[in-house]
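The values are calculated or read from the model by the stated rules, or taken from the named source; none is laboratory data. Owing to the predicted nature of the structure, the values given are computational and were not obtained by experimental measurement. Heads up, the Cβs are rebuilt from the backbone with ideal geometry, glycines too, and the neighbour counts pull from every protein chain shown.
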Amino acid sequence: MDGIDRIKKISVIGIGGGGTYAACFSARLAEKMVIYNRRRSDDDERVDGLLRDMCDALSCATDCNITGSNFSEDLAGSDVIVIAIGLGREYAFETRDMLFFKNAALIKSTMNDIKKVSPAARVIIATNPVDYMGIIAKNAGLPEQNIFCLGGELDTARLTRYICDALTEKTGRFVNPCEINDIYVVGSHGPNMIPVLSNGKFEGKYLKDIFNAATIEAIKKNTKSEGATITRKKGKSAVIGPGAAIAAMIEKGINGREFLAHTYLNNKELKQLGIDLTFDQNIFMGIPFKLKPGGREVTPIIMSDEEKSDLIKFIDAQNDRNQEVEIILSKTQEGLSTTEKINNFISFLSQKGVIIKPIVGEDGGHEIYREGEDPQSAVSMNIWKYI
């Protein structure tokens, strides 16, 4: 097959849009692929239906042996396991944090299954909010060096696209993303993500010398909100971009090329990023790096003082994220009443600057808006899906 390096086995957990596109884009990278999903009932044939559809699409594109399964035992022996389960965003008002309650319990259960049947696999998690999901994977006992979350690869693609759009407008010609160098999105996959473009270049010139400050700020702002923009415009969260980003992570990892992902960094690796601080625990964050035999190589990146300061703020909040994971898992466990779950959900979101209130006279109805917004701008929401 076209001379690319391939691995023995990739497994994809989840048959929604993100999992489907990840499987389609990644099939050429493996000799064998397993599409896995838990059955909802004895007559649930969704995996087989997806498998048939995929095999039709890829029959002449790859010789990968693609199979479907409803049994976690079939994940055994995987080199890479992609996890794309749980809630995605459907509405513009939704934040990644709103998905945390529902998705945390799913990820915890899935990680326990993986640890039993394929403990040495590299795991790529696409379930939001990814800033937390890697912590759950670690708590389940997976090795830190094998935990990766989607984020930086996708966000950097979005950053590149906005830069290209601005350059196309400025130069009057189409600008290919491959013409942009030395840009990254690090730290978070969320509203606090840090687009690093102070050292970015186009045709040998610094982007900061090509664009004015207002244009650069607009590019950063649009990159941070692009996930919500896609959700608002298409009515569901992005799936094609994330699927392609996952495949890119796998392919670049196989070939020892630089890619971006959330992973755990030790103090020595932080220093390679220019963060000369010492922490008692390894930090889970998005960074660029290469996988090497026996380890990995973190990419030193040049950051402005502001970019570095924002990254340090994200790192300093690691303890808070660890505690939030413990709190969420304790508040989503079995045995809690519906009222308790709703109150826990509302309390957590209030800490994130999201206000949720019952709608007077509407049994079970709620409305949502952000701190600083006019309450009259609140929109109705179905709170049940999140708990």
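Of the conditions (1) surrounded by 15 or more Cβ atoms within 10 Å (Cβ to Cβ); (2) modelled with pLDDT of 95 or more, Glu73 clears all except one; give me its number.
Status for Glu73: all satisfied but (1).
Could you say which residue among Gly286, Gly256 is over 18 Å from His189 (Cα atoms) and either out of contact with any Gly (no Cβ under 6 Å at 6 or more places or on another chain) or crowded, with 17+ Cβ neighbours inside 10 Å (or both)? Before the answer, list the steps.
On the way: Gly286 fails: over 18 Å from His189 (Cα atoms).
Of Gly286, Gly256, the one residue that is over 18 Å from His189 (Cα atoms) and either out of contact with any Gly (no Cβ under 6 Å at 6 or more places or on another chain) or crowded, with 17+ Cβ neighbours inside 10 Å (or both) is Gly256.
Do we find that Ser11 is assigned to a loop (DSSP other than H, G, I, E, B) and not charged (D, E, K, R) in this structure? Even if it seems obvious, please write down each step before you answer.
Values: assigned to a loop (DSSP other than H, G, I, E, B): no; not charged (D, E, K, R): yes.
For Ser11, the condition - assigned to a loop (DSSP other than H, G, I, E, B) and not charged (D, E, K, R) - is not met.
Consider Tyr264 against the criteria (1) surrounded by fewer than 22 Cβ atoms within 10 Å (Cβ to Cβ); (2) out of contact with any Phe, Trp or Tyr (no Cβ under 8 Å at 6 or more places or on another chain): it satisfies all of them except one. Which criterion is unmet?
Unmet condition: (2).
Only one residue in Glu297, Glu306 is assigned to a helix (DSSP H, G or I) and farther than 22 Å from Ile136 by Cβ. Which one? Step through it out loud before you land on a result.
Values: Glu297 fails: assigned to a helix (DSSP H, G or I).
Answer to the selection: Glu306.
Is it the case that some residue within the range 120-134 is within 22 Å of Ile342 (Cβ to Cβ), modelled with pLDDT under 95, within 16 Å of the chain's Cα centre (by Cα) and among the aromatic types (Phe, Trp, Tyr)?
Scanning the range 120-134, I find at least one residue that is within 22 Å of Ile342 (Cβ to Cβ), modelled with pLDDT under 95, within 16 Å of the chain's Cα centre (by Cα) and among the aromatic types (Phe, Trp, Tyr), so the answer is yes.
In the range 34-62, what residues are part of a loop (DSSP other than H, G, I, E, B), surrounded by 12 or more Cβ atoms within 10 Å (Cβ to Cβ) and out of contact with any Lys or Arg (no Cβ under 8 Å at 6 or more places or on another chain)?
Hits for the range 34-62 are Arg38, Arg39, Asp44, Glu45.
Consider Leu87 carefully, then state whether it is assigned to a helix (DSSP H, G or I) and either over 21 Å from the mean Cα position of the chain (by Cα) or outside the structural domain of Ala378 (by TED's automatic domain parsing) (or both).
On the way: assigned to a helix (DSSP H, G or I): no; either over 21 Å from the mean Cα position of the chain (by Cα) or outside the structural domain of Ala378 (by TED's automatic domain parsing) (or both): yes.
Against the criterion (assigned to a helix (DSSP H, G or I) and either over 21 Å from the mean Cα position of the chain (by Cα) or outside the structural domain of Ala378 (by TED's automatic domain parsing) (or both)), Leu87 does not qualify.
Find all pairs meeting these conditions: Cβ atoms under 6 angstrom apart; at least six residues apart or on different chains; first residue within the range 360-374 and exposed (fewer than 12 other Cβ atoms within 10 Å of the Cβ); second residue part of a loop (DSSP other than H, G, I, E, B).
Glu371/Gly353
Considering every residue within the range 185-194, establish whether at least one is free of Cβ contacts under 8 Å to residues at least 40 places away in the same chain, among the hydrophobic types (A, V, I, L, M, F, W, C) and either under 23 Å from Cys149 (Cβ atoms) or in the same structural domain as Gly14 (by TED's automatic domain parsing) (or both).
Here is the first cut: in the range 185-194, the ones free of Cβ contacts under 8 Å to residues at least 40 places away in the same chain are none.
The answer is no; no qualifying residue exists.
Could you list all residues from the range 11-30 that are touching an Asp or Glu at 6+ places or on another chain (Cβ under 8 Å) and either surrounded by fewer than 20 Cβ atoms within 10 Å (Cβ to Cβ) or not assigned by TED's automatic domain parsing to the domain that holds Val80 (or both)?
Arg28
Evaluate the following for Leu159: is it free of Cβ contacts under 8 Å to residues at least 24 places away in the same chain and either surrounded by fewer than 24 Cβ atoms within 10 Å (Cβ to Cβ) or in contact with a Phe, Trp or Tyr (Cβ under 9 Å, 6 or more places away or on another chain) (or both)? Break it down into steps so the answer makes sense when it comes.
Details: free of Cβ contacts under 8 Å to residues at least 24 places away in the same chain: no; either surrounded by fewer than 24 Cβ atoms within 10 Å (Cβ to Cβ) or in contact with a Phe, Trp or Tyr (Cβ under 9 Å, 6 or more places away or on another chain) (or both): yes.
Taking the combined requirement at face value, the residue does not satisfy it.
Would you check which residues across the range 154-205 are polar (S, T, N, Q) and either touching a Gly at 6+ places or on another chain (Cβ under 6 Å) or assigned to a helix (DSSP H, G or I) (or both) and list them? Walk me through it before giving the result.
At the first step, the residues of the range 154-205 found to be polar (S, T, N, Q) are 156, 160, 168, 171, 176, 181, 188, 192, 198-199.
Those that are polar (S, T, N, Q) and either touching a Gly at 6+ places or on another chain (Cβ under 6 Å) or assigned to a helix (DSSP H, G or I) (or both): Thr156, Thr160, Thr168, Thr171.
Regarding the range 211-222, can at least one residue be identified that is of a type in the set (Asp, Glu), over 20 Å from Lys313 (Cα atoms) and in the same structural domain as Lys170 (by TED's automatic domain parsing)?
Of the range 211-222, the ones of a type in the set (Asp, Glu) are 217.
Among the residues that remain, those that are also over 20 Å from Lys313 (Cα atoms) are: none.
No; the residues of the range 211-222 include none that is of a type in the set (Asp, Glu), over 20 Å from Lys313 (Cα atoms) and in the same structural domain as Lys170 (by TED's automatic domain parsing).
Being under 19 Å from Glu269 (Cα atoms) and free of Cβ contacts under 8 Å to residues at least 40 places away in the same chain is the filter here; which residues of the range 139-156 pass it?
Within the range 139-156, Pro143, Asn146 meet the criteria.
Just checking, how many residues over the range 63-77 are in a helix (DSSP H, G or I) and under 15 Å from Ala22 (Cα atoms)? First the steps, then the outcome.
At the first step, the residues of the range 63-77 found to be in a helix (DSSP H, G or I) are 72-75.
Narrowing the set further to residues that are under 15 Å from Ala22 (Cα atoms) leaves none.
Looking only at that region, the number is 0.
Those residues that are crowded, with 24+ Cβ neighbours inside 10 Å and in a helix (DSSP H, G or I), I need them from the range 137-152; list them, please. Spell out how you get there, then give the answer.
First pass over the range 137-152, keeping only residues crowded, with 24+ Cβ neighbours inside 10 Å: 137, 147-152.
Correct list: Ala137, Gly152.
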